[in-house]
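First the structure, in the form of structure tokens, and then the observations on it.
The values are calculated or read from the model by the stated rules, or taken from the named source; none is laboratory data. The shown structure was predicted, so the numbers you read here are calculated from the model rather than taken from an experiment. Reconstructed Cβ throughout: ideal geometry from the backbone, glycine too, with neighbour counts over all protein chains shown. Just so you know, the surface numbers come from the protein's heavy atoms only, side chains and all, with ligands and any DNA or RNA stripped out. Shrake-Rupley method; radii C 1.70, N 1.55, O 1.52, S 1.80 Å.
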Amino acid sequence: MENDYTQYDDYTIEELVLDRRFCEMVKGKQDEFDRLLESFPDQQEKYLQASRIVKGLCSSPKKQTQDIKDRIWSEVVKPEKKVSHRFHFIRYAAAIVLTVGVASFYYYLKHMESDIVRFAESSPTKTCTETQLILYNGKNLSIQSEKAKIEHAPNGEKISVNNTVVVDKIRAQKGYNQLIVPFGRRTNVTLPDGTNVALNSGSRLVYPICFDRKQREVFLEGEAFFDVAKDVNRPFWVKTEGFKLRVLGTKFNIQAYQGENEFNALLVEGSIKMETNEDLFAEEVMIEPNQIANISADKKHIGVAQVENVQNYISWMNGYLDFRNEKLGNLLRRVSRYYNVEIECPKGLEEVIYIGGKLELKEDPDRILDGLCVMAKIRYKKEGGKYIIRK
């Protein structure tokens, strides 16, 4: 019965953590653990989470503080909430953690970040004026089109830009590409799994040459619209500085602008789970279509709200801004971000003027501001690189 894993089909995470055979697989029988994952592809996330807990418990025990003990125990015994915490699912494992060393487990979780996040954080990029595709081997391809279309072959061996093959016969199986979109431009990319991503101005996407057989992961800075190719055997993860999302096949928009404390996800179709980047007490929520989830300024909590006009959030990928009864100040901030220009507007105007309509995203910010001034019946002047709005 060594290869019979039927019993684990309906095991909970806490039952897996307390199961001797499962622990032995995780600690030293990788081939057997891989067969378990293959036997129940729809349960992979549960098995992987339980394996991380087991590995954490195997770390060298260290003296834990009473504060950490109290925090964990309060999470274990607190009542059910609509917004759950990761530790809520491992009530029994928490008791073990308290006895064998909470500090070592906390240290393990804190350093359990994925390879793609470590790569993204260790590969800072500079401001550019043209779209840049930085390949896994360091080669940099500059793309001059205002709106480029990049396509990866299913096996990751070929890359085309605007229907022209620019990279052929990639043999490497591991490594990450980076796509950097400068301010004032937009780019579409089709990833090796068939997922389509529209990247907005001032954004960066990090993704592997080809996805592995267990899961798909990308890292995003800025804003992007995802149309994820469905694959029930490989969940799709989007990692950002402020949160992470898990999906199987769906359409959603993400804003993750560093330095602006603006991290949110808007769901258009399907379902997604948002999770904060907290190490031990991560908060997570399921988001339904026409809902937007926002991360708090301290990046520890998630708020969910209903959205009436979804188009207002995603029209940028079609080359225009669509807005209905929107505050002038909000609209000016969107224009300022898109073109990376400073726009100064008196609060007396930005808070009291509401406008609606459509504005085409021109290459020159002056042209879009000209149209905005006609709609709002305002004026602007330029002083150096700054735009100053006035009545």
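Structure summary
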read-out: Whichever residue in segment 268-292 is under 19 Å from Leu205 (Cβ atoms) and in a strand (DSSP E or B) and, among such residues, is nearest to the chain's Cα centre (by Cα); value: Met274
read-out: Any hit, segment 137-149, residues being out of contact with any Pro (no Cβ under 7 Å at 6 or more places or on another chain), surrounded by fewer than 16 Cβ atoms within 10 Å (Cβ to Cβ), within 20 Å of Phe211 (Cβ to Cβ) and basic (Lys, Arg); value: no
read-out: Tally of residues being within 20 Å of Arg35 (Cβ to Cβ) and either open to solvent by less than 20 Å² (accessible area, probe 1.4 Å) or of a type in the set (Val, Ile, Thr) (or both) across segment 213-234; value: 1
read-out: First in segment 33-50 and over 16 Å from Arg20 (Cα atoms), second anywhere and at pLDDT below 80 and loosely packed, with under 14 Cβ neighbours inside 10 Å, Cβ under 8 Å, 6 or more apart; value: Arg35/Asn3; Phe40/Asp9; Gln43/Asp9
read-out: Output for segment 293-306, where each listed residue is open to solvent by 50 Å² or more (accessible area, probe 1.4 Å) and either closer than 25 Å to Lys347 by Cα or part of a helix (DSSP H, G or I) (or both); value: Asn294, Ala297
read-out: Tally, over segment 266-290, of residues that are modelled with pLDDT of 95 or more and open to solvent by less than 30 Å² (accessible area, probe 1.4 Å); value: 2
read-out: Residue among Pro192, Pro208 that alone is surrounded by 18 or more Cβ atoms within 10 Å (Cβ to Cβ), over 26 Å from Leu361 (Cα atoms), touching a His at 6+ places or on another chain (Cβ under 6 Å) and not charged (D, E, K, R); value: Pro192
read-out: Of residues in segment 327-370 being among the small types (Gly, Ala, Ser) and either modelled with pLDDT of 90 or more or over 16 Å from Ser315 (Cα atoms) (or both), the one farthest from the chain's Cα centre (by Cα); value: Gly348
read-out: In segment 163-188, the residues that are closer than 23 Å to Asn318 by Cα and open to solvent by 50 Å² or more (accessible area, probe 1.4 Å); value: Asn163, Thr164, Phe183, Asn188
read-out: Residues being in a strand (DSSP E or B), closer than 20 Å to Gln311 by Cα and open to solvent by less than 30 Å² (accessible area, probe 1.4 Å) - total across segment 235-256; value: 5
read-out: Given (1) over 21 Å from the mean Cα position of the chain (by Cα); (2) of a type in the set (Val, Ile, Thr); (3) surrounded by 13 or more Cβ atoms within 10 Å (Cβ to Cβ); (4) at pLDDT below 90, number of the condition Val117 does not satisfy; value: (1)
read-out: Qualifying helices (runs of 4 or more DSSP H) (wholly inside segment 307-391; at least 2 residues being open to solvent by 30 Å² or more (accessible area, probe 1.4 Å) and closer than 29 Å to Asn188 by Cβ); value: 311-314, 328-339, 365-376
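This table checks each residue for (1) at pLDDT 95 or above; (2) of a type outside the set (S, T, N, Q).
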position: Leu191; (1), (2): yes, yes
position: Phe211; (1), (2): no, yes
position: Thr240; (1), (2): no, no
position: Asn264; (1), (2): no, no
